[in-house]
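Enquirer: One structure is given below, represented as structure tokens, and several questions about it will come after.
Each value in this text was obtained by applying a stated rule to the coordinates, not by laboratory testing. All of these numbers come straight from a predicted model, not from anything done at the bench. Backbone-built Cβ (ideal geometry, glycine too); neighbour counts: all protein chains shown.
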Amino acid sequence: MDLQIVEDYFYFCLFTFAFVLFLRENSKMFKKRNWRAAKPREDSDEDGTPREINPERARRKTFDRAVNLLTYKPRSVKELRERLLEKTWTNEEIVDAVLEKLKEYNYLNDEQFAKEFAASKLRQKPIGKRVLKQKLAHRKLDKETVDEAIERAFEETPEAEIIKQAVAKRLRLKGKPETRQDAKKFYDYLLRQGFSYDLVSRKMREIVSKDFDENE
């Protein structure tokens, strides 16, 4: 047999073996891929031409989606607005009209939402004003609403009382600090929970000087 033929046959077998291994390794990917033609978008015709928004239908769908989102979890006005505008079958005018209607029904109320959110966070974990303010701001609430919610929350339970809960929890988990390094870690922990420097410093002095009553 000619040497060139043998060599060609060898490379052919090598290529075939490599190709079989490739198919075996990637068989799942090929199975999962959908080779059918993509369906036209809901907001376009079959030829891809943008379809005009039907105001009445879009308003009804937008309202239904808003109610579903609020049923899943409470949201601020800005949070809900952003979610509703994700859909291409609606627009800002329709969304804003739906939001106003929800406010009339009292399904949307930033002040009430902020108040309940703040109270819920304080029940879940002892945190200070700074951390609570950050959490409220992340819910896309304006500064005035955030400040009012914080003021109300700490009127019911003063920050000085809440830090006692944080200290008691830390003492249960880590025990009383025995070294300066332990005290520094305790101090940093309380700061991370959002309590003020003055409040944390005062509480740490009580702990280190043994004047702190662990049972209070």
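Enquirer: Quick one: which of 115/169; 78/164; 133/164 span more than 27 angstrom between C-alpha atoms? Intermediate values should be presented prior to the final figure.
Expert: Working: 115/169 25 Å; 78/164 35 Å; 133/164 20 Å.
Checking Cα-Cα distances, 78/164 exceed 27 Å.
Enquirer: Run through every distinct alpha carbon pair of segment 159-208 and return the Kirkwood hydrodynamic radius in angstroms, one decimal place. Intermediate results must be reported in sequence, preceding the final value.
Expert: Working: mean 1/r = 0.0939 Å⁻¹.
Taking every pair of different Cα atoms in segment 159-208, averaging 1/r and inverting gives 10.7 Å.
Enquirer: So how much slack lies between residue 151 and residue 119, counting 0.36 nm per residue of separation and subtracting their Cα-Cα distance, in nm? Working shown, then result.
Expert: Values: separation 32, 0.36 × 32 = 11.52 nm, distance 1.10 nm.
Between residue 151 and residue 119, full extension yields 10.4 nm more.
Enquirer: Multiply the residue separation of residue 69 and residue 176 by 0.36 nm, subtract the distance between their alpha-carbon atoms, and state the gained length in nm to one decimal.
Expert: Extra length from residue 69 to residue 176 when fully extended: 33.9 nm.
Enquirer: Let me ask something else about it. With +1 assigned to the C-beta of every Lys and Arg and -1 to the C-beta of every Asp and Glu, and no other charges, what is the dipole magnitude of segment 110-156 about the Cα centre in debye, to the nearest 20? Provide the component values of the computation, followed by the final result.
Expert: Numbers: 12 positive and 10 negative charges, 90 e Å.
Here the size comes out at about 440 debye.
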